[in-house]
There are 2 protein chains.
Amino acid sequence: MKATGIIVEYNPFHNGHLLHLREARKQTDADVIIAVMSGSFLQRGEPALLPKWERAQMAIDAGVDLVVELPFHFATQQADIFANGAVDILDALGVQTLFFGSENGDADAFTQTAKLLTEQSIPFKAAMGRFLEDKANSYAVAWNLAIREIAPNLALDLAQPNNILGFHYTRAIIEQRKRIEIATMTRQSAGYHDESPAHHSIASATAIRRMLLANDWQSVKQYVPETTLAILHKYRETYSFVSWDDFWPLLRYQLMTAPTSQLQAIRGVSEGIENRLQQATQLATNFDEFLGAVTTKRYSSARIKRVSLQILAQQAKTKAPTQNYIRLLGMSSAGQRYLSQVKKVATLPIVSTASKTDPALIQKDVLATKLYSLSPSLGDQLLRDYHTSPYRKKL
Amino acid sequence: MKATGIIVEYNPFHNGHLLHLREARKQTDADVIIAVMSGSFLQRGEPALLPKWERAQMAIDAGVDLVVELPFHFATQQADIFANGAVDILDALGVQTLFFGSENGDADAFTQTAKLLTEQSIPFKAAMGRFLEDKANSYAVAWNLAIREIAPNLALDLAQPNNILGFHYTRAIIEQRKRIEIATMTRQSAGYHDESPAHHSIASATAIRRMLLANDWQSVKQYVPETTLAILHKYRETYSFVSWDDFWPLLRYQLMTAPTSQLQAIRGVSEGIENRLQQATQLATNFDEFLGAVTTKRYSSARIKRVSLQILAQQAKTKAPTQNYIRLLGMSSAGQRYLSQVKKVATLPIVSTASKTDPALIQKDVLATKLYSLSPSLGDQLLRDYHTSPYRKKL
């Protein structure tokens, strides 16, 4: 069976994702599509709108064959770490191709750029360091300046968000020496950051979340498949949608009481950012005010959200490599067949039920899900992660 | 001017306190009564029902001349540390006599007992250690068994709660070699633990808190002076009363996310209690359930509440002695006169306004008050401690 991998957040699954999924299957002639999906918390340092179990079901019901979780350690970090974790999992599951959407749309441009920057990694790091010395430069700005210095005539525009992700996926494949091909499609309208719908059936996840939080189901309907709509409706009968606001009282408390030395030991805390965060806590009355008070040119809001999340989850800096693993969240019947075939040769441990797994392996993700379940939007789901089996699509 | 000291929590100030106050003045022939009062959190590991500022006002309006705060470090610990902090402050303020209520009522019994146990401190500690080896013994039980072994014929019954406190006050005076006399009155009815009113005008603070939380003002009226009632009424127009329930979401979050090594570094955490606390967090849905699940013969509920509070406030174990100080909370005109007289000779720093004070000195108490102000019962009082001046009674 031929497997194609995709890397997703599905927050929530919408028509743009459906298009991407169908193209992935068609363009790569795949028997199964495997999605590596972030769990409770996402790459931009935000909690998911609704739990991973519902989001996995959305994916399976819409045609994905296998949904596995990208562990918290990778899912909530900058693009290079995120990509490394996801590529590692897809390779362990034996995918032949990684398919992604991009503004560029030409796979060769990604391969050439990734190869070039992998070969030039030493001068690139030196240039990064130099550009970061200017305190007005954010990490992203320094990164772009360094790339332009090393490779002034790149075919790939690395200021575009999906190009950046695709580049990191490709580089992860090259650096990890994986035998995975890449394929890409040009992304249709609605970029990640667009907040208003641009197309008659496709809107960004950001815009759709906005509609959902405003209870504007009439609009939502237009931009998500019926399978997603049904799951959202059912979820909303009992729970509310989760946002950073739900965790603001806990973050505020943590920043207020944690000793400075403890904050300094947290992953992503550097350059005295802990002082800015602590000071902002005194005056902010909600998460947006807090974010507004600490975001600067140097510290993008994504970076602040990521570091806030690590503080919230009390994740210390660590030098030891994190053991990756394959956590099954959902599967179609084709996905089940593929899994039973690949199981014997998979190069990472496969986790089906948390309660039957070595606690040390899944510790961080159990903590992340417990933390997520402290959201007042969710009611009592504290131990759900232990007892939930992967979603299986009924035929 | 002759000053008499008392050590109080006033949670809230009631008729029994008024009686005690009047007796203190009468029996010791005092010109001024100085109360050392716990701030936001109390000796049994609980948050105060309402802020220290309102409680200080209750005291001054009812006739206390000077109210100063017992710093968090001392106020939230077992009786010996609590007593040491309070006696230190009263001595620095030049009191001649320490007055307290007790079941025994005879000052000599306290002095003799405290002297005896101070002289016998080495065999006493050895006996304590021996009795604590039996894991069924709580600290309090071992303490009592050790005392009975060292001094089988004591006149003082050290199983009585007010006798224990009086004993610790007296021992603190002896050990710190302070020149403070002690005087005591027999406590009228209503012990600390009584939850139902026993006397037509005196009820325990516990019983009164219960009435207040049940909004039973008709009963409350009977047991508190009018001055207290007015302050409680005014407070309740805007705020609610504070309890551990207010902090349960934060404690639960902290126990769920803090690494075990971090919990082990917290003051009062020993013997693997952190594991019991973390496990109980998974199933408890409120603070009482949590407390019920972790309280045992060995770990009294007061000890669990104290250690929970230290975890909530993220207070690490520390070997360095804590600098004591005199934080002014309220004063009568006589109190103001006394203060201006004693100011020049006071042996501890005096703090009138937090915003004008060395932050390092008051750091722990600022943190405690901020933490306290995170209670949803209080609305936005986060920076109140910085801007509030001591209450002065208008003539």
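The values are calculated or read from the model by the stated rules, or taken from the named source; none is laboratory data. Since the structure is predicted, the reported quantities are computational estimates derived from the model, not experimental observations. Note: ideal-geometry Cβ built from the backbone for every residue, glycine included; neighbour counts use all protein chains shown. When the accessible area is computed, the model is the full protein with side chains, heavy atoms only, and any ligands, DNA or RNA have been set aside. Shrake-Rupley method; radii C 1.70, N 1.55, O 1.52, S 1.80 Å.
Structure data summary
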{"read-out": "Hits in the range B:86-136 - residues which are of a type in the set (Asp, Glu) and either at pLDDT 95 or above or closer than 30 Å to B:Val64 by Cα (or both)", "value": "B:Asp88, B:Asp91, B:Glu103, B:Asp106, B:Asp108"}
{"read-out": "In the range A:277-301, residue nearest to the chain's Cα centre (by Cα) [restricted to those that are part of a helix (DSSP H, G or I), within 20 Å of A:Thr76 (Cα to Cα) and away from chain B (no Cβ under 14 Å)]", "value": "A:Ser301"}
{"read-out": "Residue count for the range B:371-391, restricted to those that are hydroxyl-bearing (Ser, Thr, Tyr) and farther than 18 Å from B:Pro249 by Cβ", "value": "4"}
{"read-out": "Any hit, the range B:335-344, residues being free of Cβ contacts under 8 Å to residues at least 60 places away in the same chain, open to solvent by 10 Å² or more (accessible area, probe 1.4 Å) and among the small types (Gly, Ala, Ser)", "value": "yes"}
{"read-out": "Meets criteria (more than 17 Å from B:Leu371 (Cβ to Cβ) and open to solvent by less than 10 Å² (accessible area, probe 1.4 Å)) for B:Leu283", "value": "no"}
{"read-out": "Among (1) of a type in the set (A, V, I, L, M); (2) under 20 Å from A:Gln323 (Cα atoms); (3) in contact with a Pro (Cβ under 8 Å, 6 or more places away or on another chain) - the single one A:Ile89 does not satisfy", "value": "(3)"}
{"read-out": "Residue tally, condition part of a helix (DSSP H, G or I) and within 8 Å of chain A (Cβ to nearest Cβ), over the range B:255-276", "value": "3"}
{"read-out": "Given (1) modelled with pLDDT of 95 or more; (2) open to solvent by 20 Å² or more (accessible area, probe 1.4 Å), number of the condition A:Ala48 does not satisfy", "value": "(2)"}
{"read-out": "Number of positions in the range B:210-251 that are aliphatic (A, V, I, L, M), modelled with pLDDT of 95 or more and assigned to a helix (DSSP H, G or I)", "value": "9"}
{"read-out": "Residues located in the range A:379-395, provided they are closer than 28 Å to B:Thr281 by Cβ, in a loop (DSSP other than H, G, I, E, B) and without any contact (Cβ under 8 Å) to a residue 40 or more places away in the chain", "value": "A:Asp380, A:Leu382, A:Leu383, A:Ser389"}
{"read-out": "A:Gly94 being of a type outside the set (Val, Ile, Thr) and either buried (at least 22 other Cβ atoms within 10 Å of the Cβ) or over 23 Å from the mean Cα position of the chain (by Cα) (or both)", "value": "no"}
{"read-out": "Some residue of the range B:58-67 being part of a helix (DSSP H, G or I) and touching a strand residue (DSSP E or B) at 6+ places or on another chain (Cβ under 8 Å)", "value": "yes"}
{"read-out": "Count - residues of the range B:328-378 that are away from chain A (no Cβ under 14 Å), among the charged types (D, E, K, R) and in a helix (DSSP H, G or I)", "value": "2"}
{"read-out": "Search result, residues across the range A:97-135 that are surrounded by 14 or more Cβ atoms within 10 Å (Cβ to Cβ) and not in a helix (DSSP H, G or I)", "value": "A:Thr97, A:Leu98, A:Phe99, A:Phe100, A:Gly101, A:Ser102, A:Glu103, A:Asn104, A:Gly105, A:Gln120"}
{"read-out": "Residues satisfying the stated conditions in the range B:68-90, i.e. in a loop (DSSP other than H, G, I, E, B) and open to solvent by 10 Å² or more (accessible area, probe 1.4 Å)", "value": "B:Gln77, B:Gln78"}
{"read-out": "Tally of residues being more than 14 Å from chain B (Cβ to nearest Cβ), within 30 Å of A:Ala346 (Cβ to Cβ) and open to solvent by less than 10 Å² (accessible area, probe 1.4 Å) across the range A:302-327", "value": "4"}
{"read-out": "Flag if A:Ile182 is among the aliphatic types (A, V, I, L, M), at pLDDT 90 or above and in contact with a Lys or Arg (Cβ under 9 Å, 6 or more places away or on another chain)", "value": "no"}
{"read-out": "The one condition in (1) surrounded by fewer than 18 Cβ atoms within 10 Å (Cβ to Cβ); (2) more than 14 Å from chain B (Cβ to nearest Cβ) that A:Val242 fails to fulfil", "value": "(1)"}
{"read-out": "Single residue of the range B:137-168 satisfying the filter (open to solvent by less than 20 Å² (accessible area, probe 1.4 Å), hydrophobic (A, V, I, L, M, F, W, C) and assigned to a loop (DSSP other than H, G, I, E, B)) that is modelled with the lowest pLDDT", "value": "B:Ala151"}
{"read-out": "Scope the range B:379-395; condition open to solvent by 70 Å² or more (accessible area, probe 1.4 Å), over 23 Å from B:Val95 (Cα atoms) and more than 13 Å from chain A (Cβ to nearest Cβ); matching residues", "value": "B:Lys394, B:Leu395"}
{"read-out": "Which numbered condition A:Pro249 fails, given (1) open to solvent by 30 Å² or more (accessible area, probe 1.4 Å); (2) away from chain B (no Cβ under 14 Å)", "value": "(2)"}
{"read-out": "Evaluation of B:Ile202 against (1) over 22 Å from the mean Cα position of the chain (by Cα); (2) within 27 Å of B:Phe13 (Cβ to Cβ); (3) assigned to a loop (DSSP other than H, G, I, E, B) (one fails), failing number", "value": "(1)"}
